[in-house]
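Have a look at the structure below, then the notes.
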Amino acid sequence: MTRTLEDTATLDLRAVADIDRALPPHRRARVGLQVWAARHGRSIALLLPLLALVGTVHTIGMSTFPGYIDDPGTYLSQAWALRYEGQLSPYSYFYDHAPGGWIQIAAWAALTDGFDRYDSAIAFGNECMLIAKVVSAGLLYVLVRRLGLGRVAASVAVLLFGLSPLAVVYGRWTFLDNLVTSWLLLAFVLAYSPRRSIAAGIGATLAFATAALTKETTLLLLPAFGWAMVQNLDRRNRPQVLVTAGFAGFLLMAMYPLFALFKGELFEGPGHNSLLGTARWQLDGRASSGSLLEPGSATSHQVHNWLQYDHWLPLLGLAAIPLALLVRRLRPAALALVIGWLVLVRGGYVPFMHVINLLPWSALLIAGVGSAIAGTPGLVPTGWLRRRAAQGFGYGFRVATSVLLLVGLAGVATVTWTPELRQMMTVREEPPLRSATEWVARNVPRDKTLVVHDAIWTDLVNHYGYQTRPVIVYKLDTDPAVRQAVKRVDYLVVPDWYYRTADAEEKYPTLMEARKHAVPVASFGSGDDRVQVFRVSDQWNLR
């Protein structure tokens, strides 16, 4: 009997493989594509509009909201230095982070002429984060499906992750964590590959290693990733896959310490930066942010600020953890979220952008627990719902529960998210630092020495060609090479909050001293975000 191509789409994988071997080589690719499209067509038709919605909400207003902050400018200046100077940093690279993140940004800039296509480096960073957001949303959909959840649950996870105001604002900033999210979700998607092959295992560990080389804090999630790998692998070849894939991932991650060793900067020593020295400082030398459980701590204050944007996604994700632990397939994701929350309560240093690491797992667990409650086959933690289904009303219960969950999500989006998103998408005021940059370019000679916020450093160097390179403010007192090279300062261009920091005299002594000998010549914005341009007296210098 002759089978049509439509018939092959309904066959199991073994039968399709038999037919594939019987076809001439020139027809195999076409048959494979048609079979793949038949199996995934509905998911693609559903996913594409979701990604378009997520991308649209992310894009509209991203040039004006949120405002400029420190870290994006740092990463973009490092990417610019790599792209145009072949250096990992415009200053001495001191191993503050593994360089994988800005290597990716620099590579995209090289492929697309990114730094010159925009009049601002921050705008190019916004493009990179948009790509990362859409890719992450698509991978989250695939991961949810590979965990055995339905298309509705996968769509809910994407909408939670993509439309939460908290996810929008932190997803727009050029943070390494946003790049990590894409690689980490890819690692889990490959770990749950239905083929359970060595190739998929190697791909998963390489993706995880890339995430770790983008930001080393990814290693905290190694137990969750390892659990996912072990959980999905076939017992018959599990040892071979784990050893082979683990070795591949280890080799990739080993490139970072080998690079430091090659440069003679692996171990601490006088007169040079070192990987281990910076790692020791990161783990033990940085001031503690306190615990989330300590009222008044910096961590508690930061979490409060996160929840001002959206408390539904992170808190519902936290509440879903106990139920998720009852569902076998959700346990690795639940562990990933548990680790993220434990970072907040342990009492060490907590980065400003740590919330990014909580958001995809929160969205996944909310969708997963909702599906388990609704009785999705394979996800129900007990046999109660399946027994009730056999008695005749389990299906109705599942439908009613699914409808209630969707109505609840729509209610949250309408009542709490819509006003926040509208504000983020309609801000028209130019960031004060951007306005200050344009004023400086028009009014300050190119041979003057400027101390500037890192968000505008790349623009002044790349677009406005200052012969005497501006100095990023925090490098003025932390980089010995800068202290040795800079003889005087002519202008200060930093937000007012630098001067109002409680320990400003200790953290920025040269900046504070220069301001005492300076007069304001221009001002932009208001409040702590106000940026005043100060001209420093010719009578004052660093010597």
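The values are calculated or read from the model by the stated rules, or taken from the named source; none is laboratory data. Quick caveat: nothing in here was measured; it's all calculated off a predicted structure. Counting neighbours? That spans all protein chains shown, and the Cβs are built from the backbone with ideal geometry, glycine included. Surface accessibility is based on the protein's heavy atoms, side chains included, excluding ligands, DNA and RNA. Shrake-Rupley method; radii C 1.70, N 1.55, O 1.52, S 1.80 Å.
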With viscosity set to 0.890 mPa s at 25 °C, what whole-number translational diffusion coefficient in µm²/s follows for segment 430-481 from Stokes-Einstein and a Kirkwood radius over Cα pairs? 217 µm²/s
With the crude spin-label approximation of a point 7 Å out along Cα→Cβ, what separation in nm comes out for Leu222 versus Arg280? 2.1 nm
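Based only on the alpha carbon positions, what is the Kirkwood hydrodynamic radius of segment 219-301, in angstrom? Don't jump to the answer; show the numbers that get you there.
Values: mean 1/r = 0.0608 Å⁻¹.
Taking every pair of different Cα atoms in segment 219-301, averaging 1/r and inverting gives 16.4 Å.
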Dipole magnitude (debye, nearest 20) for segment 193-324, charges at Cβ of Lys, Arg, Asp, Glu: 600 debye
Roughly how many whole Å is it from the C-alpha centroid of segment 461-490 to that of segment 182-226? 39 Å
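Of the GluC sites (Glu not before Pro) in segment 401-474, which ones lie in a loop per DSSP and count no more than 12 other C-beta atoms within 10 Å?
Those that pass, being in a loop and sparsely packed, are Glu429.
Would you mind calculating the gained length between His272 and Asp113 on full extension (0.36 nm times residue separation, minus the Cα-Cα distance), in nm to one decimal?
Values: separation 159, 0.36 × 159 = 57.24 nm, distance 3.35 nm.
Gain on extension, His272 to Asp113, equals 53.9 nm.
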Taking every other residue with Cβ under 14 Å from the Cβ of Gln467 and scoring Lys and Arg +1, Asp and Glu -1, one gets +1
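Expressed as a whole percentage, what fraction of the accessible surface of segment 49-139 belongs to carbon and sulfur atoms when a 1.4 Å probe is rolled over the protein heavy atoms? If you can, show how the numbers build up before the last one.
Details: 1990 of 3110 Å².
Within segment 49-139, the accessible surface is 64 percent carbon and sulfur.
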Suppose the chain between Ala441 and His304 were pulled fully straight at 0.36 nm per residue; how much longer would it get relative to their current alpha carbon spacing? 45.5 nm
Segment Met512-Arg530, extension gain: residue separation times 0.36 nm, minus the distance between their alpha carbons: 4.8 nm
Based on the Cβ-Cβ distance of Val403 and Gln484, what FRET efficiency does E = 1/(1 + (r/R0)^6) give at R0 = 56 Å, to the nearest 0.05? 0.25
How many angstrom lie between the C-alpha centres of segment 406-427 and segment 86-163? 24 Å
Spacing of the two label points (7 Å from each Cα toward its C-beta) at Ala199 and Arg422, in nm: 5.1 nm
Can you list the GluC sites (Glu not before Pro) in segment 457-543 that are in a DSSP coil and have 14 or fewer other beta carbons within 10 angstrom? none
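For the chain, what does -39500 (n - 2.57) per DSSP helix run (n ≥ 4), summed and divided by total residues, give at 222 nm, in deg cm²/dmol to the nearest 500? Please list the in-between numbers first.
Values: 27 runs with 338 residues, N = 543.
Rounded to the nearest 500, the figure is -19500 deg cm²/dmol.
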Residues of segment 331-349 with backbone N under 17 Å of the label point set 7 Å from the Cα of Ser288 along Cα→Cβ are 342-349
Förster radius 51 Å - calculated FRET efficiency between Val345 and Phe247, Cβ distance, rounded to 0.05: 0.90
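In Å, what Kirkwood hydrodynamic radius results for segment 130-267 from the alpha-carbon pair distances?
Values: mean 1/r = 0.0628 Å⁻¹.
Hydrodynamic radius (Kirkwood, Cα only) of segment 130-267 equals 15.9 Å.
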I need the Debye-formula profile for segment 461-516: one equal scatterer per C-alpha, no solvent, reported as log10 I(q)/I(0) at q = 0.23 1/Å, two decimals. -0.99
Kyte-Doolittle mean at least 0.5 and Cα axial length at least 30 Å: DSSP H helices in the chain: 121-146, 238-262
